[in-house]
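Only one structure is covered here, and it is reproduced in the block below.
Computed from the coordinates by the stated procedures, all read-outs in this text should not be read as laboratory data. Keep in mind it's a predicted model, so treat the numbers as computed, not measured. Heads up, the Cβs are rebuilt from the backbone with ideal geometry, glycines too, and the neighbour counts pull from every protein chain shown.
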Amino acid sequence: MAEPLRNLYDLTRSDLHALVAAWGFSPVHAARLWSYLYREGAATFDAMTELPARVRARFEGETRIGLLPVAREQRSSDGFTRKYLLGLADEARIETVLMRYSGRVTACVSSQVGCAMGCVFCATGQMGFSRHLTTGEIVAQALHVDRVLRETATEGPALAEADHPSPHHRHERLRNIVLMGMGEPLHNYEAVMRAIDILRDGTGLALGARKISLSTVGVVPGIIRLADEERPMHLAVSLHGATQAERAALVPAARAWPLDALMDACRYYVRKLDRRIFFEWTLIEGKNDGADQAHAVGRLLQGLKAQVNLIPLNPTAGYAGGPSRGEAAKQFQAVLAEYGLPSTVRQRRGIDIAAGCGQLAVGG
Ligand code: SF4
């Protein structure tokens, strides 16, 4: 069987330069190709008209531009969220979400097909784990959302009206990504970090470090490695329970990385990088949304540079719990404030198309 063509989205800029040099072409061609891929979002080699024909032919023969075809697009009724089911080369599929919150667009990107962590309330966890995504498959999701933004800016009213409140935003590019889609990003550390390096490259998409958020269920060795490598991004840690037993009931991965070890890793991260950690707390009615739980969170995080993001549970078929109602979130916040902990309640978006936190899966 023929070797699959090399995916250009797997290559960092220096990899691309090395390949171009090995083929005996000028570094100018590497720089131009990189710009075509990441500045202009070129989808074909034919579009790269400024590259000499012999350079294009070599790339066309031996590499591919690893775009992910859209198998399905769903739009939320409020127009703020779009969910894409994207096809991978091996027929596996993943979901990527475009979200608009108060004037900014964020791509919620997947890092694995399925997930091995098994959080009980999460549709991805309920699917089980199939495989890690490659760097190129992660990069391609961000580029897909970037392309949607550019196409809708020129296409006209559909997304533009909902998503571009002023004409000044008409040529918007993707500026924010969150690694909160399907999968546990720190379980696929190498591919994810390489993808982030590519997306941050200043001569390409040039995403700012502070515009990238990575959410982990608490993979302790990964958090320590992020700190040791001084990776500049926002880190979010899913807590959901403030004692080992309560947390492990919702997040089975807590058995591998117990709460004490997780908190030690978080303290190490904050100390080393002098950066705050965002702790995510899915509010489940009657389960972890009471004052006693809020006090437990307060005691656990007190003194740590931290912010708590409260996320009312989004429904999934495989979990019977429901979201907190009424004033529960506000009361929870008030208790956290007593411990000096800032908190937010996540805006619920895209629930009608199952694009909210914990709802991504490829079956439905
Ligand atoms: S919440 Fe995140 S870590 Fe947990 S099962 Fe879902 S995708 Fe995996």
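For the chain, the fraction of C-alpha pairs farther apart than 41 angstrom is 14 percent.
In terms of overall dimensions, the C-alpha atoms belonging to the stretch 296-351 reach 38, 20, 18 Å along their principal axes, ordered largest to smallest.
Basic side chains Lys and Arg get +1 at the Cβ, acidic Asp and Glu get -1 at the Cβ, and with that the dipole of the stretch 240-337 about its Cα centre reaches some 360 debye. Computed from phi, the 3J(HN,Hα) profile of the stretch 103-119 under the Karplus parametrisation 6.51, -1.76, 1.60 (θ = phi - 60°) reads x, 10, 9, 10, 9, 9, 10, 8, 10, 8, 8, x, 7, 8, 7, x, 4 Hz, with x in place of Gly and Pro. Here is the short version for the chain: 108, 115, 266, 357 have no other Cys C-beta closer than 4.7 Å.
The H on the amide N of residue 101, modeled in the peptide plane, is under 5 Å from the matching H of 106, each at least 5 residues off or on a different chain.
Under a 5 Å amide H cut-off, with hydrogens placed 1.01 Å from N, residue 71 pairs with 85, 86, 87 among residues at least 5 apart or on other chains.
A quarter of the convex hull surface defined by the alpha-carbon atoms of the stretch 1-135 gives 11.2 nm² as the mean projection. Each residue of the stretch 173-184 was assigned a 3J(HN,Hα) from its phi angle through the Karplus expression (A = 6.51, B = -1.76, C = 1.60, θ = phi - 60°), giving 10, 5, 10, 10, 10, 10, 8, 9, x, 5, x, 9 Hz with x at Gly and Pro. For the pair the stretch 107-145 and the stretch 260-293, the centres of their Cα atoms are 22 angstrom apart.
Charge dipole (Cα centre; +1 on Lys/Arg Cβ, -1 on Asp/Glu Cβ; no other charges) of the stretch 1-140 amounts to roughly 340 debye. An oblate overall shape is assigned to the stretch 93-136, the ratio a/c of its alpha-carbon gyration tensor axes (a ≥ b ≥ c) being 1.5 or greater and a/b not exceeding b/c.
Summary of packing: across the peptides 101-110, 295-304, 135-144, 16-25, the per-residue average of other C-beta atoms within 10 Å ranks them, highest first, as 135-144, 101-110, 295-304, 16-25. When the alpha carbon coordinates of the stretch 184-229 are projected onto the principal axes, the ranges are 33, 19, 19 Å, largest first. A cut-off of 5 Å between modelled amide H atoms, ignoring neighbours fewer than 5 places along the same chain, links residue 343 with 308. Derived scalar couplings between HN and Hα for the stretch 76-82 equal 6, 5, 7, x, 8, 10, 10 Hz in order, rounded to whole Hz, by the Karplus curve 6.51 cos²θ - 1.76 cosθ + 1.60 (θ = phi - 60°), x for Gly and Pro.
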